[in-house]
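Laboratory data are not the source of any read-out in this text; all were calculated from the coordinates shown. Note that this is a predicted model, so its numbers are computed, not measured. Methodologically, a virtual Cβ is constructed for each residue, glycine included, from the backbone with ideal geometry; neighbour enumeration extends over all protein chains shown.
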Amino acid sequence: MKILMAVSHYYFFTGGTRTVMKEFSQKLIKKRHQVDILTVNVSERGEPLWKKEISDNGQSKIIRWPACKPFVRIKYLNRLFPRIFNSIFFLKWGLRKVLKDYDIIQFFDVNDLTFPLFFFFTKKPKIFVCATLAERFNLYQNSPIPRFILTKSCSLYFASNQNTARILKELGVDESKIKNIPYSVDVEKYTTALEKKKDNIILFIGAFEERKGIHILLDSLWYLKNKVELVMAGPIRDSKYFNNIQKHFEGINKKGFHKITYLSVVDEKELIDLYQKAAIFICPSISEEFGIVIIEAFACGTPVIASKIGGISYVVKHFENGILVNHEDPVELSEEIDMLLNNIDMRNTMGKMAREYVVENFSSEKVASRIENVFLNVKN
């Protein structure tokens, strides 16, 4: 099969969505399918460029399509169609010739509807991977035109969990078009290493923005009885929020009881090493569609304490592979961290069950086979 993955901001993608896209493409390529990337051609500053560029990363062809922003100065569109419509690019004519070489088109980003809109009347099978939809539910619910484009543009919709499937139905997608396809992790790369475990390290991986709840995690440290080293890594998406967080953890470090280390963005090798060293992984999100970092931690045998929200509740099994806490409650979070830090046997048991759970349900090989079967059925 020839698959075209279309995403507007490919070169600016960070975090879970990019990881999902990478896992999908690599495993399909391994199964001898051709997977190419179509994206908007933008400068390093994010400005659209009116020229086509084609490159090759050794596995896939990357097509950067000419684009401009015709709606950027029409301010009233922000009131009518909050953010979504104003983010749409206008694409240069000629994409139809590109599409004829592919069997299936796959969209990834619910934050930008450029490609779903421009391919709306294309007869090819189209599949939307609805990453981050839970965080954008209110926006789509209150914006009829973006909602129409999202829900009527594709043949199938991939939901990573029951919560996302429910949201798609609420927005108007027919249940027969929704496929429950979970995100995945390479369990041959992400492995356990008990000899690396450090009893006092707790870990946060994720983007620095308010919905990730980092401020709640920092607040919990003031109530924590055990002395810990909190290691944090991830891109800065909201600089104002990051500056406030930075002042917060500088204050905690000055106090001298806990230690906080921020590592910015790390490569995959370092990321795996962090998961393997951590005693506990913390996911304090206020809003989260799935949390691929959770299954990465699980694959490395690290128990997780996470907010009881969104799709997380379908992944973290309370007191089996991790612990669920009420979101925005730093006191409860601190109590559960202390409890796990004081009980190494429970941590080891949860870590073992977490690893087994991921291998059984979220291994990239198994998920890729499910995706391949769906694609073959759609193509035929």
Of Thr122, Thr114, Thr302, the one that fluctuates the most in a GNM where the chain has Cα springs shorter than 10 Å: Thr122
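Relative contact order for the chain: what is it in percent, counting Cα pairs under 8 Å that are at least 6 residues apart?
Result for the chain is 15 percent.
Sorted by mean Cβ packing within 10 Å, highest first, what order do the peptides 36-47, 252-263, 345-356 take? Intermediate values should be presented prior to the final figure.
Numbers: 36-47: 16.0, 252-263: 13.7, 345-356: 17.7.
So the order, starting with the most tightly packed, is 345-356, 36-47, 252-263.
Kindly identify region 194-361 as rounded, prolate or oblate by the Cα gyration tensor criterion: order the square roots of the eigenvalues as a ≥ b ≥ c, call it rounded if a/c is under 1.5, otherwise compare a/b with b/c, prolate if a/b is larger, else oblate. Don't skip to the end; give the middle numbers.
Numbers: a/c = 1.40, a/b = 1.28, b/c = 1.09.
Note, shape of region 194-361 comes out rounded.
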Give, in nm to one decimal, the length gained when the segment between Phe121 and Lys227 is fully stretched (0.36 nm per residue of separation minus the Cα-Cα distance). 32.3 nm
Can you tell me the Rg and the Dmax, both Å, for the Cα atoms in the chain? 21.3, 64
In whole angstrom, note down how far apart the Cα centers of region 245-284 and region 204-240 are. 8 Å
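Based on the alpha-carbon gyration tensor of region 251-312 and its eigenvalue square roots a ≥ b ≥ c, which shape applies: rounded if a/c is under 1.5, prolate if not and a/b is larger than b/c, or oblate? Could you put the intermediate results ahead of the total?
On the way: a/c = 1.90, a/b = 1.28, b/c = 1.49.
Taking the square roots of the gyration eigenvalues as a ≥ b ≥ c, region 251-312 is oblate.
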May I ask you to sort Trp93, Trp222, Trp50, Trp65 by Cβ crowding, counting other Cβ atoms within 10 Å and putting the fewest first? Trp93, Trp50, Trp222, Trp65
Compute the separation of the alpha-carbon centres of region 291-368 and region 131-168 and state it in Å as a whole number. 26 Å
